[in-house]
Amino acid sequence: MNCRKKTAGRRLLPPAGYFGEADTQEMFDLAFQAGMEHCQVNTWSFSFKTDAQGNLDPGQPNEWAKAVPENVSRHTSFAKKHGFTPKFMLVYTALDAVRGLYGAGRQDPEKFRRYWPQYVKSVKRTMNAAGVPDSDYFIEVKDEPKPEIMNELLEAHRLAKEAAPTVRLAMLLASWDVSQAKLEEFVPYADLWVF
């Protein structure tokens, strides 16, 4: 089935292509043939030095973050052959990236509350500087969250939206037993739902 067809006036969402970044035109072409229109950027790529006050400085990217604009440019160039501008998915689990990169783990919630909004704003700045508007990428906040972390996840979504309201956040749910009432709390904050 061609995922790009319109069906009953609604466009079907194509597969996101979770198998990673394409390093060559041939890799991109293969993904495109499978229906991929979203290109992956690893959430751990957004690594920045800190300033004198200990805040993330998006103007001082570490090596991984320096590679993001080239990654975006490469995929945009590959997509031109097929006549479209790609969208980008920033995966997997941005929360884990912030915890790992900046030591802002569950044992230090205040540090997390400090760095997580800064990380989201730094992602926005980096993607926008690479020519990608907020409408053309999303951040996967947490991959397949278990019910016991839903309150923590809700706070992360709220903090992200307060820091950068136009950044799109994705909820990627597995088959865990999460109540509908709890999921409804995410409606003001989650822009994209993957079931």
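A convex hull fitted to the Cα coordinates of the chain yields 130 cubic angstrom per residue.
Could you check how much of the accessible area of segment 44-92 is carbon and sulfur, as a whole percent, using a 1.4 Å probe? Solvent-exposed carbon and sulfur of segment 44-92 make up 52 percent of the total. Remark: the chain carries a charge dipole of roughly 580 debye about the Cα centre, counting +1 on each Lys and Arg Cβ and -1 on each Asp and Glu Cβ. Each residue of segment 57-71 was assigned a 3J(HN,Hα) from its phi angle through the Karplus curve 6.51 cos²θ - 1.76 cosθ + 1.60 (θ = phi - 60°); the sequence is 10, x, x, 10, x, 7, 4, 4, 5, 4, 7, 4, x, 5, 4 Hz, with glycine and proline shown as x.
Counted residue by residue at 0.36 nm each, then reduced by the alpha carbon distance between them, the extension gain from ASP96 to VAL194 reaches 33.4 nm.
Averaged over its residues, the chain has an accessible area of 52 Å² per residue, based on protein heavy atoms and a 1.4 Å probe. Placing TRP116, TRP176 in order of accessible area, with the largest value first and a 1.4 Å probe, yields TRP176, TRP116. The slack in the chain from LYS146 to GLN25, taken as 0.36 nm per residue of separation less the alpha-carbon distance, amounts to 39.8 nm. For LYS66, the lysines whose Cα falls under 27 Å of its own Cα, not counting residues fewer than eight places away in the same chain, are LYS49, LYS80, LYS81, LYS87, LYS111, LYS121, LYS124, LYS142, LYS161.
Evaluating 6.51 cos²θ - 1.76 cosθ + 1.60 at θ = phi - 60° for every residue in segment 24-41, the Karplus couplings come out as 9, 4, 5, 5, 5, 4, 5, 5, 4, 4, 7, x, 5, 10, 10, 10, 8, 10 Hz, glycine and proline recorded as x.
Divided by 2.2 N^0.38 Å, where N counts the residues, the Cα radius of gyration of segment 38-105 comes to 1.29.
So, R0 is 22 Å and r is the distance between the beta-carbons of THR85 and SER175; what FRET efficiency does that work out to, to 0.05? Once the sixth-power term is evaluated, E becomes 0.05.
With both labels modelled 7 Å from their Cα along Cα-to-Cβ, the THR166 to GLU184 distance reads 3.2 nm. Thinking of segment 16-75 as a set of Cα atoms, what percent of all their pairs are more than 14 Å apart? Here the long-distance tail beyond 14 Å is 60 percent of all Cα pairs in segment 16-75.
The values are calculated or read from the model by the stated rules, or taken from the named source; none is laboratory data. Not measured: the values here are computed from a predicted model. Neighbour counts are summed over all protein chains in view; Cβ atoms, including those assigned to glycine, are modelled from backbone coordinates with ideal geometry. Ligands, DNA and RNA are excluded from the accessible area calculation, which covers all protein heavy atoms including side chains. Shrake-Rupley method; radii C 1.70, N 1.55, O 1.52, S 1.80 Å.
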